[in-house]
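The structure appears below as C-alpha cells.
Read-outs: derived from the displayed coordinates by stated rules, not from any lab. None of these values were measured; they are calculated from a predicted model. Here Cβ is always computed from backbone atoms with ideal geometry, including for glycine, and neighbour counts include all displayed protein chains.
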Amino acid sequence: MTAILLQELTKRFGTLTAVNSVSLEVNEGEIYGFLGPNGSGKSTVIKLLCGLLEPTSGTAWIAGKNVRQDPEAIREQIGYMSQRFSLYEDLTVEENLHFFGSIYGLSGRLLQNRSREVMQLLDLSGRGRQLAGTLSGGLKQRLALAGAILHQPRIMFLDEPTAGIDPVARRELWDLFFHFSSQGITLFVTTHYMDEAERCTSVGYIYLSQLIATGEPEGLKKLPEVNPSGTRRLEINCHPITQALRILRTAPYVRDATIFGQAIHLLADASASESDIERDLQIQGVTSILVRPIEPSLEDVFVLLTRRQEAARV
Amino acid sequence: MFRGIFSVLYKETIQIRRDPFTLFLILALPLFQLLMFGYAINTNVRNIRTAVYNLDHRRASREIIDAFTNTEYFQIVRWAQSDQELNDLIVAGEVKIGIKIPADYTDNLLKWGRATVLVLIDGSDSSIASQAVAVSNSVGLSQSLRRLLEQHPVPEPALAVEVRPKMLFNPDMRSANFMVPGLIAIILQIITTFLTAFSIVRERERGTLEQLLVTPVRPAGLMLGKLAPYCVIAFLETCGVLVVMRWIFDVPIQGNLLLLLAVAVLFLLTALGIGLLISTRAQNQVQAMQMAYFVILPSILLSGFVFPRESMPAVMQWVGYLIPASYFIEVMRGIVLRGAGWLELWENIAALALMGFLFLTVSALRFRKTLG
Ligand SMILES: Nc1ncnc2c1ncn2[C@@H]1O[C@H](COP(=O)(O)OP(=O)(O)OP(=O)(O)O)[C@@H](O)[C@H]1O
Ligand SMILES: [Mg+2]
C-alpha cells in the first residue's frame, strides 16, 4: 500500500524554486529518510505534504487523499514534528498534550489515558507539571514527538527529529521510530546523519531542490552511476593520511579519493591492485598501510550523485 | 465549523493566567492612560497666569484690576515695575498675559470719559489667546457700561438686546465631559486591536501556529477561541474606565447604561475584527504594530475625538465614516452627555454592527490554514 505519493511536486517562492518537480513514493510502514544539504528544500516538501503550504504545481497523495483537494481529510491521519520546537513553551508538558489531544477530539478518561501512555512511551513521566520551555533540548524533541503521536496518526512527518541530540538519546529515538514502524505507521524523516539514513527502509536525496536519488539504501549502492564499470572501491588505512591522499590524487589509476574518518576511500580503476597502491605509497614514505576492498557507503552514493549533478549543470 | 474552539479558548486562558504581569498591564494601563490624558486634555482655560504693571494706583485702576480677576480667567501672579519687565515676563513664559494701566488712566476717565488699558497676550497658545481676547473685551465692555449708567442713570437699567446663551448639555462646559467618552473609545480600540493582533502573530512568530495548523482545528474555531478571552478582558476594561469616568472625572451617564454596554460590546467586536484582520497579514509583531498604528491614528484624528468632524474637508469626513470609532464616539457622547437612546442612535449602532460582522467574516475567510 502506498502511504505517500508525490507527483512532480513543485513549490516556488517568488523567483526561488524551493522544490523542483519532486516525485517519490513511500509504502505503508516504511521509514523514509529524506536527506539533502541545508536549504535544499526538505522542510518545504514536508510542509507541502502536511498542507501548510500550497504546491505551485504537481500534487501529492497522503493515505490516498489528494493534498490539494482534501487537505482537511488528511489532518486526522498525520502527525507533524517541525524542525523548530513548536509546542507552547508557557504550557506544561501535560497541558500541551491535553490541548493537542482535545483538538483531535480526545476527551475525558480517554485523553487522560492516552497522554499518560504517550508520556510513558517517551519517558516523560514525572515531567507532566514542568513548563515545556524549561525542558532540555532532548526532552523538548520527545515532547514534540509525543504531541505528534498522541492522536495515533497513520503517517508521521518528522523534520530533523534528532538534530542537536546526544548519541544515546538519538539511538533511543530511532528505537522508537522502529517501534512505530512495526505498528504499521509510516515515517517520513529528514536528517543530516548518514548512520540514520543507513537504517531507513528507503532514502531520498534532494539537492538544489531536485530529488536526485530515491530507493532502498542497498539498491542505491548498486546503481551503475555509483559503480562505474571498470572501477573498484578501496579503503586505505595508513600514516600520515593527508600525505597519502595527496599522493593518491596524482596517481593515474585513481578516479576519486576522499578522507573518511581515519581512512581514505578510493575509487580506482579495476586494474589497480592492492599491492600497486601499497608500493606507490611506501616509496613516498607512508607507513602502516592497510588496503582492502569495500562497498560504497550511502555517503559515497550521495557525494557521487551530487558531483554528477553539478557536472551536468555546467 | 468551530471545531477546536473550546480547546483553544481553554489554552488561551491558561496562557493569559500564567502571565499575570501582562494581564495586569492590559487591565491597568488603559486606566492610567485615561487618568493621565483625562487630566492633561483640558481645553477649559482658567486662572491664566497674569502680570500687571499699574502706573496709576488710584481707585479706578484698582477697580479694573478687580474686574479682570473676578472673571476667574486671570490670576495675577506678578506685579511688574516697568514696560521692559512686563515684556520680559511674557517672553520668559512666566506669564501669558500682561496688563498695563497707564499713569493717566483715572485722569482720562474723569476728564474725557475715556481711557485705555493695554493687554499683552502671548499668542503662542491659540486656545488661551483667543479666550483671553474675548474675556478682556468683555471686561472692558462691562466697565464702560457701568460708568455710562452711573453718569446717565436710567430707571430700569437694561440692554436693548441681550443674547443669553444657555448650555443644554454639559452646562459647565467642562471639557472632561466632552473628551472622556471619546477617550474611552480610543483606549478600548487601541488595547483590543493590539491584543488580538499580537495574540495570533505571536504564535506565528514562535512557530506554534504551524503546529496548530496541521491539526483539524477550523479557522473559525481557532479565531473565536482566541478572541473570546480577550473580549471578556476588554469588557471588564470598559466597565473599569466607565467607573473612572463616572466617579473620578465626575461625568454622569445621562442615558441608559445597558444600552451603552451593549454598544460597547459591538464596538469591541469591530476592534477585535480589525486586530484579526491585521494578524492574517502580519508576519511578525513589528509588522503588526505598524499596521495597528496605521488603523489607530485615523481613529484618533478623524473620528471626531479631537477635532469636530463637521469642520473637516469632505474627503476626511468620508474616511471618518469608515472608522468604527467615529460611530462609537457618537454613541458614547449621545448616551453619556445627552441621554440619547436607541431611537436617536440606531443608525450609528447599525453601522457598528455591520462593520463588526464584516471585519470578523473577512478575517475568518482570509485566514486560510496555510503559512505562505
Ligand atoms: N516561506 C518562504 N519564503 C521564501 N523562501 C522560503 C520560504 N521557506 C523556505 N524558503 C527557501 O526555500 C529553500 C528551501 O528551504 P527549506 O527550509 O525547505 O530547506 P531545508 O532542506 O529544510 O534546509 P535545512 O537543512 O537547513 O533545514 C531555502 O532557500 C529557503 O530560503
Ligand atoms: Mg529544514
Karplus (6.51, -1.76, 1.60) ³J(HN,Hα), θ = phi - 60°, over segment B:122-133, in Hz, Gly and Pro reported as x = 6, x, 6, 9, 5, 6, 5, 4, 5, 5, 5, 4
Listed residues B:Val214, B:Val265, B:Val244, most fluctuating in chain B (Gaussian network, C-alpha, under 10 Å) | B:Val214
Farthest towards the positive end of the dipole of segment B:48-168, among B:Tyr53, B:Gln143, B:Ile65 and with Cβ unit charges of +1 on Lys and Arg and -1 on Asp and Glu, lies the Cα of B:Gln143
One finds, for A:Gln152 and B:Val286 with R0 = 30 angstrom and r their Cβ-Cβ distance, a FRET efficiency to the nearest 0.05 of 0.15
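Tell me, what is the percent relative contact order of chain B, built from C-alpha pairs under 8 Å that lie six or more residues apart?
Numbers: 481 pairs, mean separation 77.7, N = 372.
Relative contact order comes out at 21 percent.
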Listed residues A:Pro153, B:Ala115, B:Tyr10: farthest to the positive end of the dipole of the protein assembly as shown (Cβ charges) | B:Ala115
For chain A, with a Gaussian network of springs between Cα atoms less than 10 Å apart, report the residue from A:Thr162, A:Thr190, A:Thr242 with the top mean-square fluctuation.
-> A:Thr242
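How would segment B:48-168 be classified by its alpha-carbon gyration tensor: rounded, prolate or oblate, with rounded meaning a/c under 1.5 and the a/b versus b/c comparison settling the rest? Can you show the working numbers first?
Working: a/c = 2.68, a/b = 1.28, b/c = 2.09.
Cα axes put segment B:48-168 in the oblate bin.
Based on Cβ point charges of +1 for Lys and Arg and -1 for Asp and Glu, what charge dipole magnitude is obtained for segment B:9-61 about its Cα centre, in debye rounded to the nearest 20? It would help to have the intermediate numbers written out before the result.
Working: 7 positive and 3 negative charges, 46 e Å.
Using Cβ point charges on Lys, Arg, Asp and Glu, segment B:9-61 gives about 220 debye.
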Quick note, segment A:131-179: a/c under 1.5 would make it rounded; otherwise a/b > b/c is prolate and the rest oblate (a ≥ b ≥ c, C-alpha gyration tensor); here it is oblate
Each label point is 7 Å from the Cα along the Cα-to-Cβ direction; what then is the distance between the points at A:Gln183 and B:Val232, in nm?
-> 3.5
FRET efficiency for B:Ser130 and B:Asp19 from the Cβ-Cβ distance with R0 = 60 Å, rounded to 0.05, comes out at 0.75
So what J values fall out for segment B:217-233 if you push phi through Karplus, 6.51 cos²θ - 1.76 cosθ + 1.60 with θ = phi - 60°, rounded to Hz, Gly and Pro as x?
-> 4, 8, x, 5, x, 4, 5, 5, x, 6, 6, 3, x, 6, 4, 5, 4
Chain B, dipole about Cα centre (Lys/Arg Cβ +1, Asp/Glu Cβ -1), debye to the nearest 20 | 1380
For segment B:174-371, what is the relative contact order in percent, using Cα pairs closer than 8 Å and at least 6 residues apart in sequence?
-> 35
When the charge dipole of the protein assembly as shown is computed with +1 at the Cβ of Lys and Arg and -1 at the Cβ of Asp and Glu, the Cα pointing farthest to the positive end, of A:Ser273, B:Ile296, A:Leu91, is that of B:Ile296
Among all the lysines, which ones have a C-alpha under 27 Å from B:Lys226's C-alpha, if same-chain residues fewer than 8 places away are not counted?
-> A:Lys47, A:Lys140, B:Lys11, B:Lys369
Restricting to aspartates and glutamates and to Cα separations under 14 Å from A:Lys221, and discarding same-chain partners fewer than 8 apart, the set is A:Glu198, A:Glu295, A:Glu299, A:Asp300
Everything considered on the Cα gyration tensor (a ≥ b ≥ c; rounded for a/c under 1.5, else prolate if a/b is larger than b/c, else oblate), chain A must be described as prolate
What are the ³J(HN,Hα) values, in whole Hz, obtained from phi via the Karplus relation 6.51 cos²θ - 1.76 cosθ + 1.60 with θ = phi - 60°, for each residue of segment B:272-278 in sequence order, with x given for Gly and Pro?
-> 4, x, 4, x, 5, 4, 4
Assign unit charges at the C-beta atoms only (+1 for Lys and Arg, -1 for Asp and Glu), then state the dipole size of the protein assembly as shown relative to its Cα centre in Debye, rounded to the nearest 20.
-> 940
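Just from its helices, what would the mean residue ellipticity at 222 nm be for chain B, if runs of 4 or more DSSP H residues each count -39500 (n - 2.57) and the sum is divided by every residue, rounded to the nearest 500 deg cm²/dmol? Walk me through the numbers before you get to the answer.
Numbers: 14 runs with 237 residues, N = 372.
So the helix-based figure for chain B works out to -21500 deg cm²/dmol.
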Any of A:Lys42/A:Lys65; A:Lys11/A:Lys65; A:Lys65/A:Lys222; A:Lys11/A:Lys222 with alpha carbons more than 25 Å apart? Name them for me.
-> A:Lys65/A:Lys222; A:Lys11/A:Lys222
